[in-house]
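Reviewing the structure listed below.
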Amino acid sequence: MSQSLESRLETLERRLLELEDRAAIMQLIASYGPAADTCSQGVIAGLWTDNGIYSVVGTATYEGKAAVGALVENATHQDYVRRGCSHVMAMPHIVIDGDRAVATGYSQVFARDGDYWRVDRASANRWELVRTPDGWRVAARYNHLMDGSESSRGLLRQVVAPA
Amino acid sequence: MSQSLESRLETLERRLLELEDRAAIMQLIASYGPAADTCSQGVIAGLWTDNGIYSVVGTATYEGKAAVGALVENATHQDYVRRGCSHVMAMPHIVIDGDRAVATGYSQVFARDGDYWRVDRASANRWELVRTPDGWRVAARYNHLMDGSESSRGLLRQVVAPA
Amino acid sequence: MSQSLESRLETLERRLLELEDRAAIMQLIASYGPAADTCSQGVIAGLWTDNGIYSVVGTATYEGKAAVGALVENATHQDYVRRGCSHVMAMPHIVIDGDRAVATGYSQVFARDGDYWRVDRASANRWELVRTPDGWRVAARYNHLMDGSESSRGLLRQVVAPA
């Protein structure tokens with residue numbers, strides 16, 4: 001194979017992989033809501049690495065995939081699901097660096113309130129992801145309510161001005 | 001052409017097609033809201049196959065693309081549009097299997113209510129899609145309000161634990 | 001290199017570029033919210049071309065990237081940020097034509113109101129983008145509240161029935 005042909009193929013393969021990574025990360029994030037709203041504990045756990053964490057800033061930090069999956073047993077979560085709710089993840093901003101990636105995006109919890117739905121949570125999320133032999137997994141997720149605090153903006157600021 | 005070169009090209013072409021399929025399905029879903037909010041009957045009909053259906057679970061099932069398009073004539077829909085509304089489709093989870101695909105995602109209808117907008121509908125959607133000579137089309141869409149019912153969760157559960 | 005090989009490589013490269021363009025445009029749009037919610041004036045300015053405009057239809061038009069960035073100094077915006085808010089951009093519909101592109105999609109501003117968030121703005125957005133040596137930039141963004149007006153629907157109608 002000629003040098004230039006080899007080089008064109010390698011470039012195509014590298015560029016394609018980056019797009020596949022982006023698609024896989026979007027797919028992972030898009031599967032969180034359906035898993036949460038069906039209390040699919042094992043599915044949620046399976047999105048995280050073994051030692052992965054989920055920090056709901058100011059409320060609790062779940063450490064390890066089993067603990068993250070078990071969050072669906074929370075009384076608050078159970079109440080949401082019984083009333084009717086949607087955990088919606090918006091299209092994220094994604095930065096991939098080899099086998100690590102950071103996705104940042106908003107989420108809302110729409111919870112039924114009579115004939116309508118109320119926005120019970122409006123948050124920013126930072127997803128720290130790692131590539132594993134089984135695909136991308138969450139090493140850490142930080143969820144922060146957009147409550148006007150400096151720390152909520154700090155989470156988002158890392159997107160627009162990485163350290 | 002050498003065997004290995006042919007094989008690398010075919011792999012690239014196959015992987016690229018999968019990403020193009022994902023992009024086309026996202027584009028189709030992203031065009032539903034603008035079509036609904038402008039009462040573009042023909043455009044909505046054109047997203048479905050000839051015999052495609054749209055089931056608004058618990059309310060009505062529209063059978064055939066013409067019937068699906070005609071839903072914009074509903075009094076409820078017309079009222080939404082006159083008041084001001086956004087039919088917003090969230091980033092979906094997508095599984096492609098050859099010439100068939102399933103996209104699952106949330107949608108909200110934000111309807112104007114004085115100076116603000118109210119979440120009039122918060123739903124889960126299952127889009128069953130088929131590849132046609134003219135591109136991806138909707139064979140069936142199921143829209144279920146997240147109303148706390150077991151059936152609303154059933155629709156989402158198919159994402160996280162396919163039958 | 002044989003004719004057919006050259007042609008297959010060129011086709012792959014062209015198709016890949018289109019997907020990369022779509023990803024880059026989604027990334028640009030996904031970075032607007034975090035920039036707005038952190039009052040990152042320079043970051044917002046950097047998304048626009050030097051002479052780019054941002055028209056908040058019926059309210060104001062900001063001309064030139066510096067003026068667009070400075071919108072975060074508005075009293076209304078500052079109040080949103082202090083109270084806690086999310087500027088959320090939904091997955092857009094994207095049409096690319098060489099070095100120009102149009103992305104159309106919904107946005108919401110969720111603003112904190114006591115224990116919940118209120119939908120203070122539900123808008124349609126038309127992003128007119130150009131490819132520059134530094135990547136895609138916004139030449140013009142039109143944001144129109146979905147207020148029931150014909151002009152709000154006009155903005156969306158361009159998606160479903162381009163002129």
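Averaging over every viewing direction, what projected area does the convex hull of the Cα atoms of the stretch A:114-157 cover, in nm²?
With the hull built on Cα positions only, its mean projection is 5.0 nm².
I'd like to know which of C:N74, B:A66, C:L155 lies farthest towards the positive end of the charge dipole of the protein assembly as shown, counting +1 on Cβ of Lys and Arg and -1 on Cβ of Asp and Glu.
C:N74
For the protein assembly as shown, with equal point scatterers placed on the C-alpha atoms only and solvent neglected, what are the log10 I(q)/I(0) values from the Debye formula at q = 0.11 1/Å, to two decimals?
The Debye formula, applied to the Cα set alone, gives -0.92.
What's the average, rounded to a whole number, of partner chain beta-carbon atoms within 10 Å of each residue's beta-carbon in B:48-59?
That average works out to 0.
Looking at the square roots a ≥ b ≥ c of the eigenvalues of the Cα gyration tensor of the stretch C:3-160, which shape do they give, rounded for a/c under 1.5, prolate if a/b is larger than b/c, or oblate?
prolate
Taking the Kirkwood radius as the inverse of the mean 1/r across Cα pairs, report the Rg/Rh of the stretch C:53-125.
My calculation puts Rg/Rh at 1.03.
Return the average number of partner chain Cβ atoms within 10 angstrom of each residue Cβ along peptide A:113-122.
6
Please sort A:91-103, B:116-128 by packing, taking for each peptide the average over its residues of neighbouring beta carbons within 10 angstrom, highest first.
Most protected by this proxy first, the peptides run B:116-128, A:91-103.
For A:G58, go 7 angstrom from Cα along the Cα-to-Cβ vector, then report the distances to that same point in the other copies in nm, smallest first.
Ordered by distance, the counterparts are at 3.2, 3.2 nm.
Within 10 Å of each Cβ of A:22-34, how many other protein chain Cβ atoms are there on average?
Mean partner-chain Cβ count within 10 Å for A:22-34: 6.
Quick one: which of A:76-82, B:3-9 comes out on top by average Cβ neighbours within 10 Å, and what's the full order, highest first?
Listed from highest to lowest mean packing, they are A:76-82, B:3-9.
Dipole of the protein assembly as shown, Cα-centred, from +1 at each Lys and Arg C-beta and -1 at each Asp and Glu C-beta, to the nearest 20 debye?
In total the dipole reaches around 560 debye.
Bear in mind these aren't lab numbers, they're just calculated from the coordinates by the rules spelled out. Keep in mind the model is a prediction, meaning the values are calculated, not measured. No Cβ is skipped: glycine too gets one built from the backbone with ideal geometry, and neighbour counts run over all protein chains shown.
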